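Peer 1: Please read through the structure below; I'll follow up with questions.
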Amino acid sequence: MKKVLKKIANILAFAALFLVGAAGGLFLSLSLFSGFFNPLEVILGVVGILISLYVSIIAHEAGHLIFGLISGYTFSSFRIGSFMWIKQDGKIKLRRLSIAGTGGQCLMTPPEKNEKTPVVLYNLGGVIANIILAAIFACFYYLLFHSVILLALVFLFGAIVSFIIALTNGLPLDVGGIPNDGMNVVHLLGDKVSAVAFKNQLLMNAAQARGVGLSDMPDEWFVLPDGANMKNVHCASIAVFAVSRNMEKMDFASSEKEIKSLIDSDCNMAQIHRNLLKCDLVYCRLMSDGAGAEISSLLTIEQQKFMKSMKSFPSIIRTEYAIALIRDKNTEMAEKAKQNFENAAKTHPYPQDIEQERRYMEHAENIAQSLAQEAEK
């Protein structure tokens, strides 16, 4: 059934993309070949199309926010691209956070009084908002096509883009290794343990926004019952956070074993979590084995592309710093990584993460100094 659904989604997505291409071809033919539009109108049309794209993304995340509030959730953070508005100390603050494979994200704190966390409206709120927006754009296209054709075409593009976003988020799929909204609902409604895991993840995020580190959060948030379905992405995510929490104890030999065991298991963790864990595994091996650590098998071309796509993420910079210091013995590259870290730290939304990463970087410095002293003997 999942394979059939995925094929249908791919066909529909292709059809939607074909419509975008057809509309684009019409726009270009009217502007470039027939001279129907002058150059200024062409530029304005392109700008309008880009604006409609961002409006569709904003509407999607706003849908999560609105339907989350309706369901009893409270605001935690709202991100569009790399711009993130987060509630800290009773105020909404602007921070920066870029996550590969996502155009935005709205995270909220679940209602405490509900024994059963409401998940459907919150997760599908973005899809609902995009469907409504697509319908509005389509109405404007119909109304304007015979009078202001340039603006009408912009609304047509907006309708198609908003529909594509609703489609790719509503049908249960893993998009770029990350479960979309529809897949979240499937996982949550079909597994009570998953619903608890989902709630705990949101509670962790809210605690992070308050400046609480993983080590200081309640133990029960990181515990899964025996027999938990690790094919469920939310259960797998709890396991990821648990090993990250244990890593903060600075016992890197033990953490290396835990991380490798989780990576090698058949649990259905999000690809972004898998890639970040590989960075942690690289770091742990460098801390335990020094310059001779076997990390080349982890730093595949795909992994390096991922690290490049999230080059401002603190744990990735920390890993690059450790590689430069210990494996490559390149102080210039290490200093560059350190400067990149300081730049990222200025706007990172979670200060306790920065503090922990600083501890990891300081430990890497100590290891590098010890190795240098041993080499001189």
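The values are calculated or read from the model by the stated rules, or taken from the named source; none is laboratory data. Owing to the predicted nature of the structure, the values given are computational and were not obtained by experimental measurement. Methodologically, a virtual Cβ is constructed for each residue, glycine included, from the backbone with ideal geometry; neighbour enumeration extends over all protein chains shown.
Peer 1: Working only within region 61-104, note down all residues that are exposed (fewer than 15 other Cβ atoms within 10 Å of the Cβ) and either among the basic types (Lys, Arg) or touching a helix residue (DSSP H, G or I) at 6+ places or on another chain (Cβ under 7 Å) (or both).
Peer 2: If the condition is that a residue be exposed (fewer than 15 other Cβ atoms within 10 Å of the Cβ) and either among the basic types (Lys, Arg) or touching a helix residue (DSSP H, G or I) at 6+ places or on another chain (Cβ under 7 Å) (or both), then 70, 91, 93, 101 are the ones that fit.
Peer 1: Follow-up. What number goes with the only condition from (1) surrounded by 14 or more Cβ atoms within 10 Å (Cβ to Cβ); (2) over 23 Å from residue 217 (Cβ atoms) that residue 315 does not pass?
Peer 2: Answer for residue 315: the failing condition is (2).
Peer 1: Here is a follow-up. With the structure loaded, tell me whether residue 267 is in contact with a helix residue (DSSP H, G or I) (Cβ under 8 Å, 6 or more places away or on another chain) and modelled with pLDDT under 95 or whether it fails that test.
Peer 2: Yes; evaluated as a whole, the condition is true for this residue.
Peer 1: Tell me whether region 52-71 contains one or more residues that are at pLDDT 70 or above and outside any helix (DSSP H, G or I).
Peer 2: Yes, region 52-71 contains a residue that is at pLDDT 70 or above and outside any helix (DSSP H, G or I).
Peer 1: Let me ask something additional. Taking the condition of being closer than 21 Å to residue 78 by Cβ, of a type in the set (A, V, I, L, M) and within 21 Å of the chain's Cα centre (by Cα), how many residues in region 129-168 meet it?
Peer 2: Selection size over region 129-168: 4.
Peer 1: Within region 264-279, is even one residue loosely packed, with under 15 Cβ neighbours inside 10 Å and not in a helix (DSSP H, G or I)?
Peer 2: Yes, that holds for at least one residue.
Peer 1: Something else now. What number of residues within region 170-187 satisfy the criterion of being in a helix (DSSP H, G or I) and surrounded by fewer than 23 Cβ atoms within 10 Å (Cβ to Cβ)?
Peer 2: Summing the residues that are in a helix (DSSP H, G or I) and surrounded by fewer than 23 Cβ atoms within 10 Å (Cβ to Cβ) in region 170-187 gives 6.
Peer 1: Kindly evaluate residue 200 against the criterion of being outside the structural domain of residue 306 (by TED's automatic domain parsing), surrounded by 20 or more Cβ atoms within 10 Å (Cβ to Cβ), at pLDDT 85 or above and of a type in the set (S, T, N, Q).
Peer 2: Values: outside the structural domain of residue 306 (by TED's automatic domain parsing): no; surrounded by 20 or more Cβ atoms within 10 Å (Cβ to Cβ): yes; at pLDDT 85 or above: yes; of a type in the set (S, T, N, Q): yes.
When the stated conditions are applied, residue 200 does not pass them.
Peer 1: Still on this structure, please answer the following. Consider residue 211 against the criteria (1) in contact with a strand residue (DSSP E or B) (Cβ under 9 Å, 6 or more places away or on another chain); (2) more than 26 Å from residue 361 (Cβ to Cβ); (3) in a loop (DSSP other than H, G, I, E, B): it satisfies all of them except one. Which criterion is unmet?
Peer 2: All conditions pass for residue 211, except number (2).
Peer 1: May I pose another question? Kindly establish whether residue 151 is surrounded by 19 or more Cβ atoms within 10 Å (Cβ to Cβ), outside the structural domain of residue 272 (by TED's automatic domain parsing), in contact (Cβ under 8 Å) with a residue 24 or more places away in the chain and not acidic (Asp, Glu).
Peer 2: no
Peer 1: With (1) under 22 Å from residue 263 (Cα atoms); (2) touching a Leu at 6+ places or on another chain (Cβ under 9 Å); (3) outside the structural domain of residue 274 (by TED's automatic domain parsing) as the list, and residue 174 as the residue in question, which single condition is left unmet?
Peer 2: Result: residue 174 passes all but (2).
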